[in-house]
1. Round to the nearest 10 and give me the degree value, 0 to 90, for the angle of helix 105-119's Cα axis relative to the longest principal axis of the chain.
2. Mind sorting out which of (i) 13.3; (ii) 14.4; (iii) 16.4 is the real mean projected area of the Cα convex hull in nm² computed from the coordinates?
3. Going out from 0 in 5 Å bins, what whole percent of all Cα-Cα distances in the stretch 142-248 drops into each bin?
4. Ignoring everything except DSSP H segments at least 4 long, calculate the 222 nm mean residue ellipticity for the chain; use -39,500 (n - 2.57) per segment, divide by total residues, nearest 500.
5. Roughly how many Å² is the accessible area per residue of the chain, as a whole number, for a 1.4 Å probe?
6. Got a number for carbon plus sulfur as a percent of the chain's accessible area, 1.4 Å probe?
7. Could you tell me the distance between the Cα centroids of the stretch 51-82 and the stretch 1-20, to the nearest Å?
8. Relative to 2.2 N^0.38 Å, what does the C-alpha radius of gyration of the stretch 209-248 come to as a ratio? Two decimals please.
Amino acid sequence: MIKGIIIDDEQHNIINLQRLLEKYCPEVIIVGSSTDASEGIALIKSSQPDLVFLDIQMPNKDGFQVLQELNSYDFEVIFVTAFSQYGIQAIKFSAIDYLLKPIDIEELKKAVAKTSSRLKHKNQNLQLQNLLHHLKENNNGSDHRIAISSLKETRFVYVKNIIRCESENSYTLFFTDEGETIISTVPLYEYDEMLSGYVFIRCHQSHLVNKKHVKSLLKEDNYALLLYDQFRIPVSRNKKDLVKKALL
């Protein structure tokens, strides 16, 4: 069984989520709830839950501030929000689950199943720690780490150490400057979105490249990027102008 709590500033949202959990995720037992962020912090400390359903936008304190006031993270979090853009980028960057209101039943079941799997290997929640570090160092992109979900683990890699990403069917291959290859179960288009605020170029349907590792733009063979490790990345015809502009 998974011991859970719900923190949401609207009571009707708490009631609705609790009903959905009772019907579709009976392995989750809600032991407490709160409509107040500060009371929610005290509830987390006193009840020591396995899982917290946490609203992001609340008066006085948002969900991120709730977490920032805690000293340890030996629980899982599923964020719940009515706003598709508010904080979602940072959440995705740390491979944390979230649900959009109104809650989709299949998405809820999927998020709870993933949480249940992670709880079997319970330690300090490094994904939450990475999220809070990301939010704290929001203006220092070179110090950000991205959570890469593989079949056996979640790896945390500094963005600056990623040379390139390559699509492999529904998987993504990460190549780092330490000579390591990491296979992620998340498709490339999702990482393209996550890394859009950094110095990465989507030069091809199957390739995402850190432009700091680009040595030159080759005009032969319908254009290609030559990296400092001498690897060549194709440039799609419809991406040619975008790549030129990005390299200026």
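The values are calculated or read from the model by the stated rules, or taken from the named source; none is laboratory data. Predicted model only: the values in this text are computed from it and were never measured. Cβ: placed from backbone, ideal geometry, glycine included. Neighbour counts: every protein chain shown. We work out accessible area using only protein heavy atoms, side chains counted, and drop any ligands, DNA or RNA first. Shrake-Rupley method; radii C 1.70, N 1.55, O 1.52, S 1.80 Å.
1. Rounded to the nearest ten degrees, it is 90.
2. (ii)
3. Histogramming the stretch 142-248 at 5 Å steps yields 2, 12, 25, 26, 18, 11, 4, 1, 0 percent.
4. Details: 8 runs with 78 residues, N = 248.
So the helix-based figure for the chain works out to -9000 deg cm²/dmol.
5. Working: 13160 Å² over 248 residues.
Heavy-atom SASA per residue in the chain reads 53 Å².
6. Numbers: 6070 of 13160 Å².
Carbon and sulfur: 46 percent of the exposed surface of the chain.
7. Each part reduced to its Cα centre gives a spacing of 13 Å.
8. On the way: Rg = 9.2 Å, N = 40, 2.2 N^0.38 = 8.9 Å.
Expressed relative to 2.2 N^0.38 Å, the Cα Rg reads 1.03.
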